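Chemist: Next up is a structure, given as structure tokens.
The values are calculated or read from the model by the stated rules, or taken from the named source; none is laboratory data. Here the structure is a predicted model, which means the values were calculated and not measured. As a convention, Cβ positions derive from the backbone with ideal geometry for all residues, glycine included, and neighbour counts pool all protein chains shown. We work out accessible area using only protein heavy atoms, side chains counted, and drop any ligands, DNA or RNA first. Shrake-Rupley method; radii C 1.70, N 1.55, O 1.52, S 1.80 Å.
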Amino acid sequence: EAYATHQGTFLEGWLPQSFYHAELLEYWPDIRRVRARTLQGRVLQTDAFPDLAVQYNGHWLTPKGDPISRGDVVDLIFASCDEVIVKTDRSKQGLGTTRHAKGTLDLNTLPDTDLVVQRYTPGHPEISQLMPDNTPTIRILTVKPKGGMAKARSSRIKIGQSGDRVMTAARSARTIIGADGRLAETGYDHEWRP
């Protein structure tokens, strides 16, 4: 009801986050493995993620799951880029996420937990004009009817604040992206204030 009221219309297939967290995660605990950042590329069988290395159960691995010696991790990570993002498994809303430039990443300072190291992806130049310090997040909410193809139902963008090297939900603005690709006139903060 809150989503429909906010949007001004009801869209078939919407799944409120509160229902997802309260009901579906308890009903289908295996989904937590799909949500694990360290396993996404392997579970979904794609190399579309910008993953460079994974720390899983105390071991360093390539995105395909091949072991890497701890001494080779930093060289492997920065072989193809100058900046990376480190995300802990099951981190939410930017918490547990850090950004490191080449020459500044010390493996000994990383959390002793499962995590993924990804290539930093700068925003599109036009989007970067809005926020040059961090990369906005675009979410496309989909529904997949039984036996059918997945369909986009809604899209939104979150933009961080100036000076934040990593965007967090608590310090971001968000708005709807219309079907025509245009942003809605009003954006909202973390507390849903216009």
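Chemist: Select from the stretch 146-194 the residues that are assigned to a strand (DSSP E or B) and β-branched (Val, Ile, Thr) and list them in ascending order.
Modeler: Ile157, Ile159, Thr175, Ile176, Ile177
Chemist: For the stretch 67-119, which residues satisfy the criterion of being in a loop (DSSP other than H, G, I, E, B), among the acidic types (Asp, Glu) and open to solvent by 30 Å² or more (accessible area, probe 1.4 Å)?
Modeler: Asp82, Asp106, Asp112, Asp114
Chemist: Contact list please: Cβ distance under 8 Å, first residue in the stretch 63-86 and closer than 15 Å to His100 by Cβ, second residue in a loop (DSSP other than H, G, I, E, B) and β-branched (Val, Ile, Thr), pairs at least six apart or on different chains.
Modeler: From residues that are closer than 15 Å to His100 by Cβ, the pairs are Leu76/Thr62; Ile85/Val166.
Chemist: Related question: Are there any pairs, at least 6 apart or on different chains, whose C-beta atoms fall under 7 Å, with the first in the stretch 93-112 and touching a residue at least 60 places away in the same chain (Cβ under 8 Å) and closer than 20 Å to Arg171 by Cα and the second in a strand (DSSP E or B) and acidic (Asp, Glu), and if so, which?
Modeler: The qualifying pairs are Arg99/Glu83.
Chemist: As an exercise: evaluate Gly123 against (1) exposed (fewer than 13 other Cβ atoms within 10 Å of the Cβ); (2) in a loop (DSSP other than H, G, I, E, B) and give the number of the one condition it does not meet.
Modeler: (1)
Chemist: From the list Thr137, Thr142, Thr186, Thr168, which residue is under 25 Å from Arg119 (Cβ atoms) and loosely packed, with under 15 Cβ neighbours inside 10 Å?
Modeler: Every option except Thr142 fails the conditions.
Chemist: Another question, then. Condition first: touching a strand residue (DSSP E or B) at 6+ places or on another chain (Cβ under 8 Å), open to solvent by 40 Å² or more (accessible area, probe 1.4 Å) and either at pLDDT below 80 or not charged (D, E, K, R) (or both). Now tell me which residues in the stretch 145-159 satisfy that.
Modeler: Correct list: Pro145, Ala150, Ala152.
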